[in-house]
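Encoded as structure tokens, the structure appears first; notes follow it.
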Amino acid sequence: MIIYGSKALQKALKLNKTDFVTPEQLAIEDNPFYYGWHGHIAKVDRRNTIVLMNDKTMYCLLFRNKLPRNKDKFAELVMEALPYTFEVGNINADEISTYMKSVDSIVFAEKADRQITGNITRMILDMGYRWDFAWRENETIQAYEAYEQNRLLRKIGKDYVIPFEEMLKALCGIYE
């Protein structure tokens, strides 16, 4: 799994140029559904929040409260958050285990696509206009707020999608 971090996320996780994967390794990973995720950190509701969004489906993971300060702790947190967020999002256990088998390790890369970061920023702005948040103040993985966000309409290019439905299509192999 490749996490493309924004400059803000790179600074928060203290990532150096030596921590990034090489372009040769990036060429091997060609399926954005399994490998491509973009991350960004921003203030939402006056607190730092990390948003991790899948490149293909726009499915997001949210992190808040006691955020990790290095890449190894963040990688552990992401591996814990993926199945938990899928489970809270009512995704079948078989599909979760299939997805998790394909994710072997987490590596970091420099931001590759400005459009995805723009989509994340647009989602953060949309979140800022909501008054009813499902934040859990004692949890770092905000699966219930991610559940709400993944069922809202998102713009990807010129099309509009619902990330939860796109993730289900990708998990079931309905489209490539």
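The values are calculated or read from the model by the stated rules, or taken from the named source; none is laboratory data. Since the model is a prediction, treat every value here as computed from it, not as a measurement. Here the Cβ is made from the backbone with ideal geometry for all residues, glycine too, and neighbour counts use every protein chain on show.
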- prompt: Among the residues of region 92-101, is any under 19 Å from Thr49 (Cα atoms) and either within 16 Å of the chain's Cα centre (by Cα) or free of Cβ contacts under 8 Å to residues at least 60 places away in the same chain (or both)?
  reply: no
- prompt: So Asn70 fits all but one of (1) modelled with pLDDT of 90 or more; (2) farther than 23 Å from Ala170 by Cα; (3) crowded, with 18+ Cβ neighbours inside 10 Å; what number is the exception?
  reply: (3)
message: Please go through (1) at pLDDT 85 or above; (2) of a type outside the set (Asp, Glu); (3) outside any helix (DSSP H, G or I) for Ala75 and return the number of the only condition it doesn't satisfy.
response: (3)
task: May I ask you to list the residues in region 56-67 that are under 24 Å from Pro163 (Cβ atoms) and not in a strand (DSSP E or B)?
output: Lys56, Thr57, Met58, Tyr59, Asn65, Leu67
message: Looking at region 33-83 only, could you name the residues that are over 13 Å from the mean Cα position of the chain (by Cα) and closer than 22 Å to Asp104 by Cβ?
response: Pro68, Asn70, Lys71, Asp72, Lys73, Glu76
message: Could you check region 85-119 and list, in sequence order, the residues that are touching an Asp or Glu at 6+ places or on another chain (Cβ under 9 Å), under 16 Å from Glu166 (Cα atoms) and either at pLDDT 80 or above or outside any helix (DSSP H, G or I) (or both)?
response: Phe86, Ile96
field: Among residues of region 65-84, those that are within 19 Å of Met100 (Cα to Cα) and either in contact with an Asp or Glu (Cβ under 7 Å, 6 or more places away or on another chain) or of a type in the set (Val, Ile, Thr) (or both), counted
entry: 1
task: Select, from Arg114, Arg122, Arg69, the only residue that is under 18 Å from Arg151 (Cβ atoms) and either charged (D, E, K, R) or in contact (Cβ under 8 Å) with a residue 12 or more places away in the chain (or both).
output: Arg122
field: Filter result (under 15 Å from the mean Cα position of the chain (by Cα), surrounded by 14 or more Cβ atoms within 10 Å (Cβ to Cβ) and either in a loop (DSSP other than H, G, I, E, B) or not hydrophobic (A, V, I, L, M, F, W, C) (or both)) within region 120-150
entry: Thr121, Thr140, Gln142, Tyr144, Glu145, Tyr147, Glu148, Gln149, Asn150
field: Subset of region 34-55 that is in a loop (DSSP other than H, G, I, E, B) and either in contact with a helix residue (DSSP H, G or I) (Cβ under 8 Å, 6 or more places away or on another chain) or of a type in the set (Gly, Ala, Ser) (or both) - its residue that is nearest to Asp159 (Cα to Cα)
entry: Asp55
